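The values are calculated or read from the model by the stated rules, or taken from the named source; none is laboratory data. As the structure is a computational prediction, the values presented were derived from the model and not from experiment. Here Cβ is always computed from backbone atoms with ideal geometry, including for glycine, and neighbour counts include all displayed protein chains.
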Amino acid sequence: MLNIHIDRATPEDCDIIADFNIQLALETESKHLDRELVRTGVLESLGDVRGCQYYVARYQNTVVGQIMFTREWSDWRNGEFWWFQSVYVSPDYRRQGVFQQLSQHVQSLAESNPDVVGLRLYVELENERAQSTYRQLGFCFPGYHVMEKMLDR
């Protein structure tokens, strides 16, 4: 396991996070994203005006991974779910515990916040490798399917 340092992302991390998000979309969904649109979205996130937070994993002062979480209020449980999103580890650093450490960091933050009742994430149906990793960290399928309707903009 790599000896990494995890801290909250800052605006100085914007470009690497945007690059990682573009690579993530291409790798997982074969989607080509508009770099400037992604960069603007990351900047909004880094300002925490959207109710989300990014954390980055640094190895020898180089960002090698990232995780963002967003908040969802559950009236059924009178608490928040934190959704892992924009999870990415640079290919050269995969299978070395980077995601595990990022995940554990956010889980520790969640456990220290009495408003948080659980963690959730999206995973592509065909991405068996990611599903295996998530299962090893205690995630399971809750019996829901995600549906979406995109708006014409």
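Of the residues making up the range 115-137, those that are of a type in the set (Gly, Ala, Ser) and touching a strand residue (DSSP E or B) at 6+ places or on another chain (Cβ under 9 Å) are GLY118, ALA130.
When the range 46-67 is limited to residues that are within 22 Å of VAL116 (Cβ to Cβ) and more than 14 Å from the chain's Cα centre (by Cα), the one that is surrounded by the most Cβ atoms within 10 Å (Cβ to Cβ) turns out to be ARG50. Within the range 68-126, the set of residues being part of a loop (DSSP other than H, G, I, E, B), crowded, with 16+ Cβ neighbours inside 10 Å and hydrophobic (A, V, I, L, M, F, W, C) comprises VAL123 only.
Screening the range 1-43 for residues that are in contact with a strand residue (DSSP E or B) (Cβ under 9 Å, 6 or more places away or on another chain) and among the acidic types (Asp, Glu) and picking the one that is nearest to GLY97 (Cα to Cα) gives ASP7. A search for C-beta distances below 7 Å between a residue of the range 131-153 that is closer than 17 Å to GLN85 by Cα and free of Cβ contacts under 8 Å to residues at least 12 places away in the same chain and any residue that is part of a loop (DSSP other than H, G, I, E, B) and not polar (S, T, N, Q), counting only pairs 6+ apart in sequence or on different chains, returns GLN131/VAL123.
Only residues that are at pLDDT 90 or above and over 13 Å from TRP83 (Cβ atoms) were counted in the range 110-130, giving 6.
Of the residues that make up the range 33-45, is at least one buried (at least 17 other Cβ atoms within 10 Å of the Cβ), modelled with pLDDT of 95 or more and of a type in the set (S, T, N, Q)? Checking the range 33-45: not a single residue is buried (at least 17 other Cβ atoms within 10 Å of the Cβ), modelled with pLDDT of 95 or more and of a type in the set (S, T, N, Q). Contact annotation: residue pairs with Cβ atoms under 9 Å, 6 or more positions apart or on different chains, pairing a residue in the range 14-28 that is over 18 Å from GLU44 (Cβ atoms) with a partner that is of a type outside the set (A, V, I, L, M, F, W, C) and part of a helix (DSSP H, G or I), are GLN23/PRO91; GLU27/PRO91.
Once the range 4-36 is narrowed to residues that are hydroxyl-bearing (Ser, Thr, Tyr) and assigned to a loop (DSSP other than H, G, I, E, B), the residue that is farthest from MET68 (Cα to Cα) is SER30.
Among the residues of the range 20-36, the ones that are out of contact with any helix residue (DSSP H, G or I) (no Cβ under 7 Å at 6 or more places or on another chain) and of a type outside the set (Ser, Thr, Tyr) come to 9 in all.
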